[in-house]
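Below you'll find the structure, written out as structure tokens, and then a few comments.
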Amino acid sequence: MTAATEVIADISAKGIEYEEMECDPALADTAQFCEAYDIPLEKSANAILVASRKPEGHNAVCVVLAHTRLDVNGTVRKKLGVRKVSFAPPELTKELTGQEIGGVTIFGLPNELPVWLDSRVMECDWVIVGAGSRSAKIKLDPSQLEGIPGYDVVEDLAQEL
């Protein structure tokens, strides 16, 4: 089992050039993956589902480089237009994306789920993103993501660690 079928179908439909990388599901979490496969944290992009708590029902997938931290209580909260927001629990992530933590990606998502890309991601010549499963990753040039409907490049979505 490698990349999720619906993820590959979505990437192809968007005309994105990519390389699929198989990985050991036990090493799918970012730190372990980067160490095992010699990928710099600065080239690994994490897709994180955020969910509002007050009011509930506002969600977005945020993409940040692994050496940065998502600004949940600042930029994300303001952009969602809510009072409280947090990382979505694994159960909600699976329910809304159909993907498991460690494999969440920006492809194959429901159209109503916005994708916000930290501007630092777009500065990379290539990044690794999830593939919809814990058994694979996707390597791509993030410049291909510009202009995709539902994808928004956001300044300061993340903060340097």
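The values are calculated or read from the model by the stated rules, or taken from the named source; none is laboratory data. Predicted model, so just to flag it, every value in this text is computed and none were measured. Counting neighbours? That spans all protein chains shown, and the Cβs are built from the backbone with ideal geometry, glycine included. Calculation scope for accessible area: heavy atoms of the full protein, side chains included, ligands and nucleic acids excluded. Shrake-Rupley method; radii C 1.70, N 1.55, O 1.52, S 1.80 Å.
What do you reckon, is GLY108 open to solvent by less than 10 Å² (accessible area, probe 1.4 Å) and closer than 20 Å to GLU17 by Cα? So GLY108 fails the test. For segment 85-105, enumerate the residues that are of a type in the set (Gly, Ala, Ser) and surrounded by fewer than 18 Cβ atoms within 10 Å (Cβ to Cβ). Passing the criteria: SER86, GLY98.
Just one of the numbered conditions (1) outside any strand (DSSP E or B); (2) open to solvent by 60 Å² or more (accessible area, probe 1.4 Å) is not true of GLU20; which one? (1) is the only condition that GLU20 fails.
Which members of segment 1-15 meet the condition of being over 16 Å from the mean Cα position of the chain (by Cα) and modelled with pLDDT of 95 or more? Residues satisfying the conditions are ALA9, SER12, ALA13, LYS14, GLY15. Can you find a residue that is surrounded by fewer than 16 Cβ atoms within 10 Å (Cβ to Cβ), farther than 17 Å from HIS67 by Cβ and modelled with pLDDT under 95 anywhere in segment 137-144? No - not one qualifying residue is present in segment 137-144. Against the numbered list (1) touching a Pro at 6+ places or on another chain (Cβ under 9 Å); (2) open to solvent by 50 Å² or more (accessible area, probe 1.4 Å); (3) of a type in the set (A, V, I, L, M), VAL121 comes up short only at (2). Hey, could you check segment 148-161 for residues that are modelled with pLDDT of 95 or more and part of a loop (DSSP other than H, G, I, E, B) and say which is surrounded by the most Cβ atoms within 10 Å (Cβ to Cβ)? Selected residue: LEU157.
If you filter segment 5-17 down to residues that are touching an Asp or Glu at 6+ places or on another chain (Cβ under 9 Å) and not in a helix (DSSP H, G or I), you find that the one that is surrounded by the fewest Cβ atoms within 10 Å (Cβ to Cβ) is GLU17.
Scanning segment 51-81 for residues that are touching a helix residue (DSSP H, G or I) at 6+ places or on another chain (Cβ under 9 Å) and more than 25 Å from TRP126 (Cβ to Cβ) turns up ALA51, SER52, HIS58, ASN59. Listed by first and then second residue, the pairs linking a residue in segment 123-142 that is farther than 12 Å from ILE106 by Cα to a residue that is among the polar types (S, T, N, Q), with Cβ atoms under 6 Å apart and 6 or more places separating them unless they lie on different chains, are SER135/THR2; ALA136/THR2. Scanning segment 23-75 for residues that are of a type outside the set (A, V, I, L, M, F, W, C), open to solvent by 20 Å² or more (accessible area, probe 1.4 Å), in a strand (DSSP E or B) and at pLDDT 95 or above yields ASN46, HIS58, ASN59, ARG69.
What tally of residues in segment 109-147 results from selecting those that are touching a Gly at 6+ places or on another chain (Cβ under 9 Å) and assigned to a helix (DSSP H, G or I)? Residues meeting the conditions: 1.
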